[in-house]
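Q: Have a look at this one before I ask anything.
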Amino acid sequence: MYKINGIYHNGRKGPRMEPVTEEKYDGLLDALISWDIHGIKQFDGTRFKILSGEPYYWYTSEILQLTKKGKVYELETANTIYELEEVDGD
């Protein structure tokens with residue numbers, strides 16, 4: 001299980017690392033998600049199952065890179081950078 005700690009511009013639609021404020025991202029910040037990190041491939045999108053509230057799926061644009069620092073992952077896609085923290089789940 002992961003928690004979305006931040007959602008940022010990657011420089012394409014706004015200054016790099018500036019928080020995204022578009023309405024379509026409402027409800028994602030601090031959400032708990034289920035995500036198959038082992039199934040991702042560069043240049044393919046991925047999906048998160050949003051567990052906060054009524055569960056639903058969120059689909060990303062193409063993955064450019066994934067980096068890890070401790071329990072924190074930075075997933076950069078063609079449009080956005082997601083900061084995801086690995087958390088203990090039930």
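Q: Taking Lys49 as the anchor, which lysines have their alpha carbon closer than 17 Å to its alpha carbon, excluding any fewer than eight residues away along the same chain?
A: Lys3, Lys24
Q: Placing +1 on the Cβ of each Lys and Arg and -1 on the Cβ of each Asp and Glu in the chain, which of Ile33, Thr60, Thr77 has its Cα farthest towards the positive end of the resulting dipole?
A: Thr77
Q: Further question on the same structure: I need to check one value: relative contact order of the range 2-75, counting alpha carbon pairs closer than 8 Å and at least 6 residues apart, in percent.
A: So the answer I get is 21 percent.
Q: Moving on. Arrange the following residues from fewest to most other Cβ atoms within 10 Å of their Cβ: Phe48, Phe43.
A: Listed from fewest to most nearby Cβ atoms, that is Phe43, Phe48.
Computed from the coordinates by the stated procedures, all read-outs in this text should not be read as laboratory data. All values reported here derive from a predicted model rather than from experimental measurement. When we count neighbours, we look across all protein chains shown, and the Cβ atoms used for this are built from the backbone with ideal geometry, even at glycine.
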